[in-house]
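Written below as structure tokens is the structure these notes are about.
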């Protein structure tokens with residue numbers, strides 16, 4: 001039965017891709033979109049196979065989520081009201097801190113949300129993990145298509161480069177095609193940006209897109225709340241810069257400088273707002289884990305000086321790990337090669353930006369948002385292998401930003417930063 005379900009749903013979702021206006025209006029033919037969808041499904045199978053290996057299967061989140069969802073599906077069919085209410089039930093005396101992993105409802109919400117989603121999909125797939133891959137990758141497809149549409153709208157002559165940077169980066173293709181949180185997070189991020197762009201384009205508030213923005217924000221808050229916190233200032237700076245393009249440099253600098261000040265001083269307003277301490281605690285949690293790719297790092301101090309001193313290590317973790325000396329298998333080699341290619345692109349992009357002096361608000365959005373995501377990974381993750389996954393939602397943004405800066409990548413040379 002499962003093979004028949006797989007084939008049936010594969011045809012259904014391929015047909016939906018040709019009918020949904022969001023995909024139909026993308027500057028890609030329906031056959032290319034279907035090809036990308038099929039490629040992501042293959043990547044999802046590869047992801048499942050990789051984490052089904054004996055050395056990974058017992059600790060692999062994707063399989064643990066799936067096994068936990070089986071009982072949840074039975075509960076959904078037996079008591080749907082109780083199933084929904086359980087998502088909002090707190091098993092602790094207090095809700096806990098938003099950024100703390102210990103005895104926190106908010107931390108458990110990340111796993112509970114994805115397990116509940118799998119449980120719902122199980123109803124339609126006869127609890128088949130592999131049929132679920134089709135459903136998840138259909139949801140995942142919205143994110144990269146949204147990014148591609150935004151980039152191609154701003155820089156129509158760069159469509160081929162954007163196709164490569166958005167859809168075919170190996171780390172993004174692998175980590176954002178398996179059954180986990182990353183693909184959903186990326187889709188929510190990009191759809192939020194797309195909804196804002198539609199309102200900027202029409203120069204008015206659109207109720208439908210405002211409601212969609214709220215939905216995407218809820219998804220981000222539930223799955224990885226700090227991504228939402230990083231996205232808000234990036235989108236705010238983008239909106240203001242589109243309205244006042246001649247001042248976009250000052251707008252981005254001003255908003256990010258303000259956020260930096262708040263990050264280090266909010267603790268004086270209330271102890272619960274000690275953001276540097278939360279970053280230090282998150283890094284400590286990684287250091288307590290065991291793994292073959294652990295990187296020895298100096299202690300991070302929760303102060304401006306401490307973060308400044310640690311910055312070179314954070315950049316190294318975010319952009320350069322795994323080093324070629326860290327390579328233990330072919331997956332590490334692919335990640336190291338991708339890092340090298342991205343680094344060369346960044347250098348070429350910087351040289352081009354200095355020469356042509358042209359960066360649009362959209363490019364600034366991609367650069368600042370991706371860099372803050374990468375830096376947070378660098379400050380918290382202490383494993384060369386794990387950092388590849390956590391930064392996979394940022395690398396397509398940075399690669400796409402670089403593609404807009406390369407020679408011939410800007411449609412309007414009047415933009416001067």
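All conditions in (1) at pLDDT 90 or above; (2) more than 23 Å from the chain's Cα centre (by Cα) hold for residue 111, with the sole exception of (2). Does residue 301 fit the bill of being surrounded by fewer than 19 Cβ atoms within 10 Å (Cβ to Cβ), out of contact with any strand residue (DSSP E or B) (no Cβ under 9 Å at 6 or more places or on another chain) and closer than 24 Å to residue 262 by Cβ? It is true that residue 301 is surrounded by fewer than 19 Cβ atoms within 10 Å (Cβ to Cβ), out of contact with any strand residue (DSSP E or B) (no Cβ under 9 Å at 6 or more places or on another chain) and closer than 24 Å to residue 262 by Cβ. Among the residues of region 361-376, are any under 30 Å from residue 263 (Cβ atoms) and in contact with a strand residue (DSSP E or B) (Cβ under 6 Å, 6 or more places away or on another chain)? No, region 361-376 contains no residue that is under 30 Å from residue 263 (Cβ atoms) and in contact with a strand residue (DSSP E or B) (Cβ under 6 Å, 6 or more places away or on another chain).
In region 267-295, which residue that is part of a loop (DSSP other than H, G, I, E, B) and at pLDDT below 90 is farthest from residue 325 (Cα to Cα)? Filtering first and then ranking leaves 289. Take residue 237 and tell me if it is outside any loop (DSSP other than H, G, I, E, B) and surrounded by 19 or more Cβ atoms within 10 Å (Cβ to Cβ). Judged against the criteria, residue 237 is a match.
Looking at 173, 160, 150, which is the one that is free of Cβ contacts under 8 Å to residues at least 24 places away in the same chain and surrounded by fewer than 24 Cβ atoms within 10 Å (Cβ to Cβ)?
Details: 173 fails: free of Cβ contacts under 8 Å to residues at least 24 places away in the same chain; 150 fails: free of Cβ contacts under 8 Å to residues at least 24 places away in the same chain.
That would be 160, the only listed residue that is free of Cβ contacts under 8 Å to residues at least 24 places away in the same chain and surrounded by fewer than 24 Cβ atoms within 10 Å (Cβ to Cβ).
Selection within region 296-309: residues that are over 26 Å from the mean Cα position of the chain (by Cα) and outside any loop (DSSP other than H, G, I, E, B). The member of this set that is nearest to residue 231 (Cα to Cα) is 304.
Report whether or not residue 114 is assigned to a helix (DSSP H, G or I) and farther than 25 Å from residue 11 by Cβ. Steps first, answer last, please.
On the way: assigned to a helix (DSSP H, G or I): yes; farther than 25 Å from residue 11 by Cβ: yes.
Against the criterion (assigned to a helix (DSSP H, G or I) and farther than 25 Å from residue 11 by Cβ), residue 114 qualifies.
A count restricted to region 13-31 and to residues that are part of a helix (DSSP H, G or I) and in contact (Cβ under 8 Å) with a residue 60 or more places away in the chain stands at 5.
The values are calculated or read from the model by the stated rules, or taken from the named source; none is laboratory data. Bear in mind that the values here come from a model prediction, so they are computed numbers and not experimental data. Positions of Cβ are generated from backbone atoms using ideal geometry, with glycine treated the same way; all protein chains shown enter the neighbour counts.
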